[in-house]
Structure formats: C-alpha cells, structure tokens
C-alpha cells in the first residue's frame, strides 16, 4: 500500500489494516509536510515509561525511556486512538483535511442505528430496577444514561466517571441491552480482583433486582464454582468443543487481560473492563488483544 503521495493538496486518511491497526495515508505538496505530520503524530502519541528509568539501557544512555505508540516509519496507529488523533491533528494542523475510511467508520457506528437517550431510559424502566435488599426502586441518573448512550453509539470508548458515579449500573443496563435487544451472544466484563467479580454479580442480582442473574452470568476467578473441573474439560475435548460451550452469555473475569491467550477472545462480541474511575468498552468481534 502506497502511504504517501505528493500532490497539490494537504490531506490525511486513516485506512483499516486489520482488527487492531490503521495505516495513515498522507497527501501533501512536499516531503517536508509529510515529515511534519508524521512528527506531530509521533510526538503526540508517546509517553515516558517510568519503569524503564531503572533499566540498564536507560542508565547507560541507550534508551530515552520513551514509548512511541505511533510508528512513524510504517505510519501505523492503533484504531482505538483514531478519534484522539483526529482532534489532535485538527488543533495542530487546522488546514489539514482529515478523512476516515468507511470500514473504520463502521467500527465507531452502531449497526442498528443511533440509540437515543429516551430509548435507553425506556429500556432501563422495562428492567424494573430495584434494590432487593432495601426493596426500593432505582432510577438511573442522566449521567448514567449518557455513559450507556456513548458506549452503545461509539462502540469503542473509554468513559471516565468519578467514584460512586454508578458505573456498575450503567454497565448493567448496557450489558442487558446488548444481550437482549442487540442479541449479542457473549459479553466479557473484566475487573481487577476476585472480590470485584463477586461484587459485580451481587450488584446485578441484589442491587438491581435481576433475579435470573445466575442463569445468565458465569463468574471466572481463582476459587469460582463456575470454573470447569478436569472431568468437564476432558468431556469437552472428546466432543471437540471449547470451554465456551459451557459458558453463559455474560462472563465476569478477574485478571490481567493481556496475559490471556488472544484466541480466547475470538468468541466475544463485547469486551468491557471496569476500573476505579473508568469503563473501557470495545464492541466488535474481538480477534486479538493487541488493541488500544
């Protein structure tokens, strides 16, 4: 693929390379303009890796400790960073015309059409949300509906919310919408600890009133009862089936996602990680975990 073209215009286009990365095609009047755009992206998508401060390479001057996310030589950028790159380039190069290929645009578009906040509100009301312990109804706040609206319509997003903002409720409504309205078969929710796996399930069942949560959720962590034993695994192998045959449509997993075999994620239609202040959402057929 020819990435750079000399012509009497200043234009950049993001083109999908694979499930994880996009190529940056630049058209400019001269090579200096192309180098300038590459330099802007290279500097803008870099950070100092503090862990390298104590490496011998850094101490001996062989490394500056900087990690570069954008590869200026191959002109490749993770697809998940394209929205930020567009904003960054518009601020840095106001005259630059920026285009996004149709296949990338589809990644950031809901295939079923835009979902309005009113529709999300109506759906959340249909779930009859209530706290089973205190026996009181729950009505989502506007900011919680906005989180769901952004996730469903953007399809790939990192959503920031402060402590106690109700991220778990937004996640719950979004997951129920995906499995029941969009008919997504497998949704994976990743949390940092075993305690949070159990807490999230308790939230779904008791805090939000989902009486059938156990019929739809699989909890995966060290001492989980949902993990398959050796006999079950052997039976699946004899039938030439993967462990996913025993999983329900929503799996809550404790662990560091990037330490898991990427092939494990090929069956999921949504990956969501719930952190202290942030919800990361990726809505597509996950082929690999080398994405941002």
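Could you check how many residues of segment 190-212 are assigned to a loop (DSSP other than H, G, I, E, B) and buried (at least 17 other Cβ atoms within 10 Å of the Cβ)?
3
Taking the condition outside any strand (DSSP E or B), within 22 Å of residue 10 (Cβ to Cβ) and more than 22 Å from the chain's Cα centre (by Cα), does residue 91 pass?
The answer is yes for residue 91.
Looking at segment 175-224, which of its residues are at pLDDT below 85 and out of contact with any strand residue (DSSP E or B) (no Cβ under 8 Å at 6 or more places or on another chain)?
185, 195, 223, 224
Can you list residue pairs whose Cβ atoms sit under 6 Å apart, with the first residue in segment 120-137 being loosely packed, with under 13 Cβ neighbours inside 10 Å and the second being outside any strand (DSSP E or B)? Count only pairs 6 or more apart in sequence or on different chains.
Correct list of pairs: 133/206.
Which condition from (1) in a loop (DSSP other than H, G, I, E, B); (2) touching a helix residue (DSSP H, G or I) at 6+ places or on another chain (Cβ under 9 Å); (3) in contact (Cβ under 8 Å) with a residue 60 or more places away in the chain; (4) surrounded by 11 or more Cβ atoms within 10 Å (Cβ to Cβ) is the one that residue 110 breaks?
(3)
Which is over 30 Å from residue 144 (Cα atoms) and touching a residue at least 40 places away in the same chain (Cβ under 8 Å), of 31, 51, 99, 72? First the steps, then the outcome.
On the way: 31 fails: touching a residue at least 40 places away in the same chain (Cβ under 8 Å); 51 fails: touching a residue at least 40 places away in the same chain (Cβ under 8 Å); 72 fails: touching a residue at least 40 places away in the same chain (Cβ under 8 Å).
Every option except 99 fails the conditions.
The rows are residues; the columns are (1) modelled with pLDDT under 95; (2) farther than 29 Å from residue 158 by Cα; (3) out of contact with any strand residue (DSSP E or B) (no Cβ under 7 Å at 6 or more places or on another chain).
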site: 4; (1), (2), (3): yes, yes, no
site: 14; (1), (2), (3): no, no, no
site: 24; (1), (2), (3): no, no, no
site: 56; (1), (2), (3): yes, yes, yes
site: 59; (1), (2), (3): yes, yes, yes
site: 62; (1), (2), (3): yes, yes, yes
site: 75; (1), (2), (3): no, no, no
site: 83; (1), (2), (3): yes, no, yes
site: 97; (1), (2), (3): no, no, no
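Working only within segment 144-179, note down all residues that are assigned to a loop (DSSP other than H, G, I, E, B) and closer than 22 Å to residue 196 by Cα.
Of everything in segment 144-179, those that are assigned to a loop (DSSP other than H, G, I, E, B) and closer than 22 Å to residue 196 by Cα turn out to be 161, 162, 163, 164, 165, 166.
Filter segment 152-172 for residues that are surrounded by 20 or more Cβ atoms within 10 Å (Cβ to Cβ) and over 17 Å from the mean Cα position of the chain (by Cα) and give the result.
Correct list: 169 only.
For the list (1) surrounded by 16 or more Cβ atoms within 10 Å (Cβ to Cβ); (2) closer than 21 Å to residue 1 by Cα, I need the number of the one condition that residue 89 fails.
Unmet condition: (2).
Between a residue in segment 159-171 that is farther than 11 Å from residue 140 by Cα and assigned by TED's automatic domain parsing to the domain that holds residue 139 and any residue that is buried (at least 20 other Cβ atoms within 10 Å of the Cβ) and modelled with pLDDT of 90 or more, which pairs come within a Cβ distance under 6 Å, given they are 6 or more apart or on different chains?
Here the result reads 159/147, each pair linking segment 159-171 to a residue that is buried (at least 20 other Cβ atoms within 10 Å of the Cβ) and modelled with pLDDT of 90 or more.
The values are calculated or read from the model by the stated rules, or taken from the named source; none is laboratory data. Predicted model, so just to flag it, every value in this text is computed and none were measured. Methodologically, a virtual Cβ is constructed for each residue, glycine included, from the backbone with ideal geometry; neighbour enumeration extends over all protein chains shown.
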